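Comments concern the structure below.
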Amino acid sequence: MRIVRFLAAAAAAMGMCAPPATAQKSGGTLQVYISANPSSMSILEEVSFTTVMAAGPVFNGLVVFDPAKPIGSLDTVIPELAKSWAWDASGTKLTFQLNQGVTWHDGKPFTAKDVKCTLDWVAGKVPGYFRKNPRKIWLTNLKEVTVDGDFQATLHLERPQPSVLALLASGFGVIYPCHIEAKDQRLKPIGTGPFKFVEFRSNELVRLVKNPNYWKKGLPYLDGVDYTIVGNRSTRVLGLIAGKFELTTTGDITVPIMKDIASQAPQIVCTLGPTNVSVNVLINDKRAPLDNVKLRKAISLAVDREGMLSITSHGAAAVSGVMMPPPEGIWGMPPDVISKLSGYGGTMEERQAEARKLMEEAGYSATNKLPIKISTRDLASYKDPAVIMVDQLNKVHFNAELEVIESSVWFGRAARQDYAVALNLTGSSVDDPDATLVESYACGSEYNYSKYCNPQIDQMLKEQSAERDVEKRKKIVWEIERILAEDNVRPMLYHGRTAQCRQPYVKGHVRADNSIYSHWRHEQVWLDK
């Protein structure tokens, strides 16, 4: 039985390496589903992939990861609003030459001032401009942005930071217009992208239409993109099989579901791969009794990582640290290094025995269990491992029960640290420590949901960020991972592998293998029907 069709490299490249002019067909509206209601349409203020999916086609960035290549890295960054860029010899000045003739959807011209406005807003140089600013932590190294005329902008950094281009190429690296207020971007976004925003009906749909004045001539091919918001995964999958939906999200189709799709609708093309989404546990160490490191370590030891990924992904996922594991991951640790981290070594029976011992040292036992709520988001990808985790904790003197949080308020709850223990999924927009590690562990990061703050780790994060030698940088990153595993405030369980599925006539879309936030511009997508 056919389970999945892996796309050949030649097919993957068709989105950017132009086939004969008659190959692409213009017209049609792409039907995509979104698995949860976007909190808003403002990409720069949100963290969920639902906003990036729905609003991504409205915008451009200075640069972007090549949508024809599944792995986004510094080697696959290509021009977008910037036609070229150059570093100075010190690695602290990055100058962009911008494309001319680009207009915003309201007809106003795009200039270097828009680049400066956007980066100043994100860097927090205009206090209070954004309601939320989760990527402010990306630009703490930015001193200023200067403009030289309408079509040149230079970023001035305090220290070298090679990752800046990759951060700007991510799905979160879009440019906003100076003349539009942040509050308006939340409901009716205006960009320079291939599609224009039409409407957002909460818990129903997001509708985009072709930008007839798009500055990339001949693009996009589609007349529009409709996103239907469907909270129930069974309903989403049935809609795909029935032909109502033509493209799925990246992280929604598990291996078991992929098998079901293959048996019921073998014409549907599903591509299995990594996601750069980790399954992890948030532990509130600011609240007793989990301020006791022994209890936090007991939680990490009690979770059967291998058993959990066997159930949820039929073994396709990988036990990991924070960074995405190899071979697709650039910075992740191989299994022999992972096994030496705190909470990972030995057999499951040995780890659970150690967990029970730690619990008993803290005063808990089979007759005096520690009651605890395991909070999680109301999405199947969260709930499935959370249910397993509850069962596993109850084997080591916990009395755990599941608390399911409505999806649209989940991130607010997490940001307020309104939980004792939470089963969480963390997607990284870039496979780079300056995104993954800095967002989740730097002191003061809005995305640091465990409120972890370790001055030693903060210093090491700065050191790795400035290091231009990849192997030296990787050594620092692995030492950071070791310390984080010892502290046990956000134990890592595994990195997922899921499928993205499409109808066979959807052409030009290449699944992003190291970020669920990439490849949503859809300007190269066309329908062969």
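The table below gives the values:
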quantity: Any hit, the range 37-46, residues being within 21 Å of residue 273 (Cβ to Cβ) and touching a helix residue (DSSP H, G or I) at 6+ places or on another chain (Cβ under 7 Å); calculated: no
quantity: Test: residue 443 is assigned to a loop (DSSP other than H, G, I, E, B), within 23 Å of residue 142 (Cβ to Cβ), of a type in the set (A, V, I, L, M, F, W, C) and out of contact with any helix residue (DSSP H, G or I) (no Cβ under 6 Å at 6 or more places or on another chain); calculated: no
quantity: Complete set of residues in the range 516-529 that are surrounded by 21 or more Cβ atoms within 10 Å (Cβ to Cβ) and either basic (Lys, Arg) or touching a helix residue (DSSP H, G or I) at 6+ places or on another chain (Cβ under 9 Å) (or both); calculated: 516, 517, 518, 519, 520, 521, 522, 523, 524, 525
quantity: Single condition residue 481 does not satisfy, out of (1) crowded, with 21+ Cβ neighbours inside 10 Å; (2) closer than 30 Å to residue 30 by Cβ; calculated: (2)
quantity: Some residue of the range 315-332 being more than 24 Å from residue 479 (Cβ to Cβ) and touching a strand residue (DSSP E or B) at 6+ places or on another chain (Cβ under 8 Å); calculated: yes
quantity: Matching residues in the range 315-326 - criterion: being closer than 19 Å to residue 487 by Cα and in a loop (DSSP other than H, G, I, E, B); calculated: 320, 321, 322, 323
quantity: Residue in the range 255-278 that is in contact (Cβ under 8 Å) with a residue 60 or more places away in the chain, farther than 16 Å from residue 57 by Cβ and touching a Leu at 6+ places or on another chain (Cβ under 6 Å) present; calculated: yes
quantity: Hey, residue 329 buried (at least 19 other Cβ atoms within 10 Å of the Cβ) and either out of contact with any Phe, Trp or Tyr (no Cβ under 7 Å at 6 or more places or on another chain) or in a strand (DSSP E or B) (or both) or not; calculated: yes
quantity: Tally of residues being farther than 26 Å from residue 521 by Cα and modelled with pLDDT of 95 or more across the range 235-256; calculated: 0
quantity: Hey, residue 342 over 30 Å from residue 70 (Cα atoms), in the same structural domain as residue 471 (by TED's automatic domain parsing), within 31 Å of the chain's Cα centre (by Cα) and modelled with pLDDT under 95 or not; calculated: yes
quantity: Residue in the range 403-411 that is touching an Asp or Glu at 6+ places or on another chain (Cβ under 9 Å) and at pLDDT 95 or above present; calculated: yes
quantity: Candidate set: the range 53-69, residues that are over 26 Å from residue 154 (Cα atoms) and surrounded by 23 or more Cβ atoms within 10 Å (Cβ to Cβ); chosen: the one nearest to the chain's Cα centre (by Cα); calculated: 53
quantity: Among the candidates 395, 383, 357, 373, residue that is among the basic types (Lys, Arg) and assigned to a strand (DSSP E or B); calculated: 373
quantity: Count - residues of the range 301-314 that are more than 23 Å from the chain's Cα centre (by Cα) and crowded, with 24+ Cβ neighbours inside 10 Å; calculated: 3
quantity: Residue selected from the range 502-529 under the condition assigned to a loop (DSSP other than H, G, I, E, B) and among the basic types (Lys, Arg), by the criterion farthest from residue 24 (Cα to Cα); calculated: 511
quantity: Residue match in the range 280-298 (condition: on the phi > 0 side of the Ramachandran plot and either outside the structural domain of residue 416 (by TED's automatic domain parsing) or without any contact (Cβ under 8 Å) to a residue 60 or more places away in the chain (or both)); calculated: no
quantity: Residue tally, condition under 17 Å from residue 356 (Cβ atoms) and either among the hydroxyl-bearing types (Ser, Thr, Tyr) or in contact with a strand residue (DSSP E or B) (Cβ under 9 Å, 6 or more places away or on another chain) (or both), over the range 291-310; calculated: 7
quantity: Within the range 449-466, tally of residues that are outside any helix (DSSP H, G or I) and crowded, with 19+ Cβ neighbours inside 10 Å; calculated: 3
quantity: Checklist (1) within 23 Å of residue 515 (Cβ to Cβ); (2) modelled with pLDDT of 95 or more; (3) among the hydrophobic types (A, V, I, L, M, F, W, C) applied to residue 414, failing item; calculated: (2)
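The values are calculated or read from the model by the stated rules, or taken from the named source; none is laboratory data. All values reported here derive from a predicted model rather than from experimental measurement. Every residue, glycine as well, gets a Cβ built from its backbone with ideal geometry; the counts of neighbours run over all protein chains shown.
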